[in-house]
Structures are given as C-alpha cells and as structure tokens.
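The values are calculated or read from the model by the stated rules, or taken from the named source; none is laboratory data. What you see is a predicted model, and the numbers here were worked out from it, not measured in a lab. Ideal geometry is used to build each Cβ from the backbone, glycine not excepted, and the neighbour counts take in all protein chains shown.
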C-alpha cells in the first residue's frame, strides 16, 4: 500500500529545481522599473536588469563579469578613475560583501550617473 502524495514525505524529485524556484525572483528582477544590479560574494556583477540598461545605456553583456568597482567607475564620473579611486571602491565593496553590512552613508545616495552616451542623469542609489 502506498500513501497518497500529500501524506508521504516529499521525495527529492518533488522539490523544484533551483532554476524553477528562482524563476519568480528572476522575473521580478528583470521586470522591475527600477535599475537593479546583483553582485556575487567576490564582487562580480552577475545580473543587470533591463531598466539598468535603459538608465545607463550599457547593455548587460557589457557589464556582466566586471567587478562592482569597475562597473562603478564606468557610471560614476564625479571623480577621476584613478588607481587610488579604484582601490578605494574595491575596499568599500569588499568590506560590505564580507560583513553584509552597508554603512549608513552608502544606504541612499543621491548622485549623478554618466550614461554610456555621455549624458548625466540624476539617480538615487539605494542599497
């Protein structure tokens, strides 16, 4: 005698795959009207949604795989992209990724972003 599916413990095959379980998040992420970027624990840009493409002028293929601090230098024209600035951004990103804590001063930034075409736009960056 076998138990009905609802009465038996779930089998491994009953669990959705990682791809299936993450699909609602991926849909939300890609369809958001807000520009969104995901960064992995090593600081690599792993996701860049369609709104971020529209805001920045950079296609996902151009930024995926870059380190977060390299991507920031592409869109932040408020300072010169010197090696010192790059190192500072790397330190900030890696500290945040290691600790999981975003310092208050970085949680909401009102700044300008340089689009790929050179135009600057006002953005509010929320962490």
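Tabulated data for the structure shown
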{"quantity": "Matching residues, region 47-59, being part of a helix (DSSP H, G or I) and buried (at least 16 other Cβ atoms within 10 Å of the Cβ)", "calculated": "50, 51, 52, 53, 55, 56"}
{"quantity": "Residue in region 90-98 that is closer than 19 Å to residue 55 by Cβ and either loosely packed, with under 10 Cβ neighbours inside 10 Å or in contact (Cβ under 8 Å) with a residue 24 or more places away in the chain (or both) present", "calculated": "no"}
{"quantity": "Residue ID - modelled with the lowest pLDDT, chosen from residues in region 28-46 that are in a helix (DSSP H, G or I) and within 12 Å of the chain's Cα centre (by Cα)", "calculated": "29"}
{"quantity": "Number of the condition not met by residue 72 [criteria: (1) crowded, with 18+ Cβ neighbours inside 10 Å; (2) in contact with a strand residue (DSSP E or B) (Cβ under 7 Å, 6 or more places away or on another chain)]", "calculated": "(2)"}
